[in-house]
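No value in this document is a laboratory result; all are computed from the given coordinates. Keep in mind it's a predicted model, so treat the numbers as computed, not measured. In this analysis, Cβ positions are derived from the backbone assuming ideal geometry, glycine residues included, and neighbour counts consider all displayed protein chains.
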Amino acid sequence: MSTGRSISIVTPSFEPGGAERVAVNLAGYYSGEGMKVRLIAFRAVGPYLSQVPEEVQIIDLGLSSSRWGFFKLLRTLREHRT
């Protein structure tokens, strides 16, 4: 049931928090609607990581600080543009 559309969702991590929980929920929703979903995390760690559906692509930017994260995020978004 793929719609041919894709979406990238950005989250700081998968640690407990409102924004992180919303990111995981949105990823699950859009994936369930047949979209290709990328979940981009500054650090892919935390308990919510296990709740991400397996069909969702997780991209870990591997940043210990978000200081330079904007540039790495921008490059990642450009590389995964569809």
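When the alpha carbon coordinates of segment 12-82 are projected onto the principal axes, the ranges are 33, 30, 17 Å, largest first. Since only G46, G17, I7 are under comparison, the one whose Cα sits farthest along the positive direction of the charge dipole of the chain, derived from C-beta charges on Lys, Arg, Asp and Glu, is I7.
About the Cα centre, and with charges only on the beta carbon of Lys, Arg (+1) and Asp, Glu (-1), how big is the dipole of the chain? Nearest 20 debye, please. Walk me through the numbers on the way to the answer.
Details: 10 positive and 7 negative charges, 84 e Å.
Here the chain has a charge dipole of around 400 debye.
Once every DSSP H run of n ≥ 4 in the chain is given -39500 (n - 2.57) and the sum is divided by its residues, what mean residue ellipticity at 222 nm do you get, rounded to the nearest 500 deg cm²/dmol? Before the final figure, lay out each step's value.
Working: 2 runs with 26 residues, N = 82.
Taken over the chain, the calculation gives -10000 deg cm²/dmol.
In percent, rounded to a whole number, the relative contact order of the chain is 30, using alpha-carbon pairs under 8 Å and six or more apart. The label point for L26 and the one for Q51, both projected 7 Å from the Cα toward the Cβ, are 1.5 nm apart. In the chain, excluding the sites themselves, the longest stretch lacking any of the trypsin sites (Lys or Arg not before Pro) that are in a DSSP loop with at most 15 other Cβ atoms within 10 Å is 6-66.
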